[in-house]
Amino acid sequence: METKSIYLDNAATSWPKPPGVLAAIQNHFESLGACAGRSSYREAAEVERLINDTRRQIAYLFGLHHPERVIHAFNGTDSLNIALHGLLGRDNHVITTCLEHNSVLRPLAHMQRVLDLQVTYLEPGEDGRVSPTDVEQAIRPNTRLIAVTHASNVTGILQPVEEIFDVARRRGIRMLVDAAQTVGHIDFNLGDCPIDLVAFSGHKGLMGPLGTGVLIVQPEVAEEMESLRQGGTGSASDKAEQPTELPQKFESGNSNVPGILGLRAAVQYIREETISALQRQQTELIGQLLAGLGPMDSIHVHGGAANEHRVNVVSLTVKDFDPHELAAALDSAFQIKCRAGLHCAPLAHQYLGTLDTGGTIRISLGAFNTSSEIDTLLKALRAITH
């Protein structure tokens with residue numbers, strides 16, 4: 001009898017997808033077929049309606065009443081690049097952290113080279129969280145942006161973005177949050193905390209297809225930004241200049257219509273299940289995992305073993321085991337799928353001391369994982385490491 005596969009790589013991309021996602025994609029290929037915003041026949045109008053309804057569905061998750069602030073991007077990296085390249089200019093200063101993904105680090109490195117951008121990289125404290133006081137002390141007269149991940153994709157530790165935003169707002173500085181690892185996993189109400197820019201992928205916690213991403217931008221910030229790319233929008237086609245209104249200012253070219261319609265179905269599923277219920281389920285499973293790892297002396301959990309200020313990600317190393325070899329053993333012997341390596345976050349691994357030893361093995365849970373799967377993982381780790 002074939003062993004059932006256990007998927008624990010949801011921080012990379014969620015799997016399986018909710019019911020309805022595949023049907024929504026198939027509906028576009030089989031029945032609709034049209035672009036968004038390019039024609040007036042029935043199918044094209046329906047595609048436009050569904051694209052805009054996806055904005056409304058996502059806006060609802062964030063407590064927003066203005067769906068035009070929801071910009072469709074091609075992935076989380078794209079949404080971050082729209083924000084960073086659109087807002088930053090020559091000789092600006094940026095405050096960020098050593099916990100960031102390369103989707104933030106590499107655009108900043110590029111702008112350091114071509115725009116003389118100045119960047120300060122803050123380290124977290126012993127609790128894995130960056131101090132708002134450290135952020136405020138790092139502010140310079142030319143500080144333009146504070147860019148912070150909402151939760152590390154290596155340790156899963158939540159950062160105090162609301163408190164950091166209080167600093168940013170008081171000092172008149174824009175703030176960007178990379179919410180790739182939190183959206184769909186925890187409540188994040190931008191009505192209560194109107195952070196300037198929030199970027200995330202659609203295929204992780206939101207459980208949509210690959211090739212989808214979102215940037216949420218406050219209108220006053222959008223006025224300060226340049227569009228990363230220019231081109232057809234299906235609107236103001238008689239003008240040579242890019243439209244300035246939202247969302248068209250940042251959406252050039254044909255959208256990934258099948259992906260966005262799949263994302264709409266996934267967000268509808270999340271709204272029906274509720275984020276609070278999904279968060280409660282995953283918190284219980286992470287607690288079960290951390291409790292089971294505790295007695296294993298050869299295993300070190302990075303970011304601490306406490307089940308607070310944490311999302312659904314746990315990174316660990318095992319004494320005398322290369323992380324890639326351990327991940328391969330879990331896959332080949334137990335059909336357990338998880339990710340080993342640096343997770344596109346080299347400064348985080350430098351901070352953790354794992355940069356030169358192959359990184360960590362990362363276990364990341366999703367909406368469809370179960371308690372019995374965590375038990376199987378723990379038994380597998382005991383069998384391999386003892």
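Considering only residues in region 312-342 that are part of a helix (DSSP H, G or I) and not aliphatic (A, V, I, L, M), the one that is surrounded by the fewest Cβ atoms within 10 Å (Cβ to Cβ) turns out to be 332. Of all the numbered requirements in (1) in contact with an Asp or Glu (Cβ under 8 Å, 6 or more places away or on another chain); (2) closer than 22 Å to residue 172 by Cβ; (3) surrounded by fewer than 21 Cβ atoms within 10 Å (Cβ to Cβ), residue 97 misses one, and that requirement is (3).
In a residue-by-residue description of region 303-311, the property of being part of a strand (DSSP E or B) and of a type outside the set (Gly, Ala, Ser) applies to at least one position. Residue check: is residue 123 touching a strand residue (DSSP E or B) at 6+ places or on another chain (Cβ under 8 Å) and surrounded by fewer than 17 Cβ atoms within 10 Å (Cβ to Cβ)? When the stated conditions are applied, residue 123 passes them. Checking each residue in region 4-50 for being over 18 Å from residue 213 (Cβ atoms), open to solvent by 20 Å² or more (accessible area, probe 1.4 Å), hydrophobic (A, V, I, L, M, F, W, C) and assigned to a helix (DSSP H, G or I) picks out 22, 23, 29, 32, 45. Close Cβ contacts (under 9 Å, 6 or more residues apart or on different chains) running from residues in region 99-123 that are of a type in the set (Gly, Ala, Ser) to residues that are modelled with pLDDT of 95 or more and part of a strand (DSSP E or B) comprise 103/178; 103/199; 109/119. Total residues in region 218-253 satisfying the condition of being outside any loop (DSSP other than H, G, I, E, B) and either among the hydrophobic types (A, V, I, L, M, F, W, C) or surrounded by fewer than 16 Cβ atoms within 10 Å (Cβ to Cβ) (or both): the figure is 7. Here region 202-217 is the region considered, the condition is being of a type outside the set (A, V, I, L, M, F, W, C) and open to solvent by 10 Å² or more (accessible area, probe 1.4 Å), and the residue that is farthest from residue 368 (Cα to Cα) is 211.
Residue by residue, here is whether (1) of a type outside the set (A, V, I, L, M, F, W, C); (2) under 16 Å from the mean Cα position of the chain (by Cα); (3) open to solvent by less than 10 Å² (accessible area, probe 1.4 Å); (4) on the phi > 0 side of the Ramachandran plot holds:
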{"residue": "127", "(1), (2), (3), (4)": "yes, no, no, no"}
{"residue": "130", "(1), (2), (3), (4)": "no, no, yes, no"}
{"residue": "151", "(1), (2), (3), (4)": "no, yes, yes, no"}
{"residue": "157", "(1), (2), (3), (4)": "no, yes, yes, no"}
{"residue": "192", "(1), (2), (3), (4)": "yes, no, no, no"}
{"residue": "197", "(1), (2), (3), (4)": "no, yes, yes, no"}
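Taken over region 187-218, the criterion of being farther than 26 Å from residue 244 by Cβ and at pLDDT below 95 is satisfied by 187, 188, 189, 192, 193.
Taking the criterion of being at positive phi and open to solvent by 10 Å² or more (accessible area, probe 1.4 Å), the only residue of region 171-189 that qualifies is 172.
The criterion of at least 1 residues that are of a type in the set (D, E, K, R) is met by the following strands (runs of 3 or more DSSP E) wholly inside region 91-164: 143-149. For region 51-77, filtering for residues that are assigned to a helix (DSSP H, G or I) and either open to solvent by less than 20 Å² (accessible area, probe 1.4 Å) or closer than 14 Å to residue 183 by Cβ (or both) leaves 9. Criterion applied to 291, 277 was being among the aliphatic types (A, V, I, L, M), open to solvent by 60 Å² or more (accessible area, probe 1.4 Å), without any contact (Cβ under 8 Å) to a residue 24 or more places away in the chain and out of contact with any Pro (no Cβ under 9 Å at 6 or more places or on another chain), and the one residue passing it is 291.
The values are calculated or read from the model by the stated rules, or taken from the named source; none is laboratory data. All of these numbers come straight from a predicted model, not from anything done at the bench. A quick note on method: Cβ atoms are made from the backbone with ideal geometry, for glycine too, and the neighbour counts reach across all protein chains shown. To get the accessible areas, we keep the full protein, side chains included, count just its heavy atoms, and leave off ligands, DNA and RNA. Shrake-Rupley method; radii C 1.70, N 1.55, O 1.52, S 1.80 Å.
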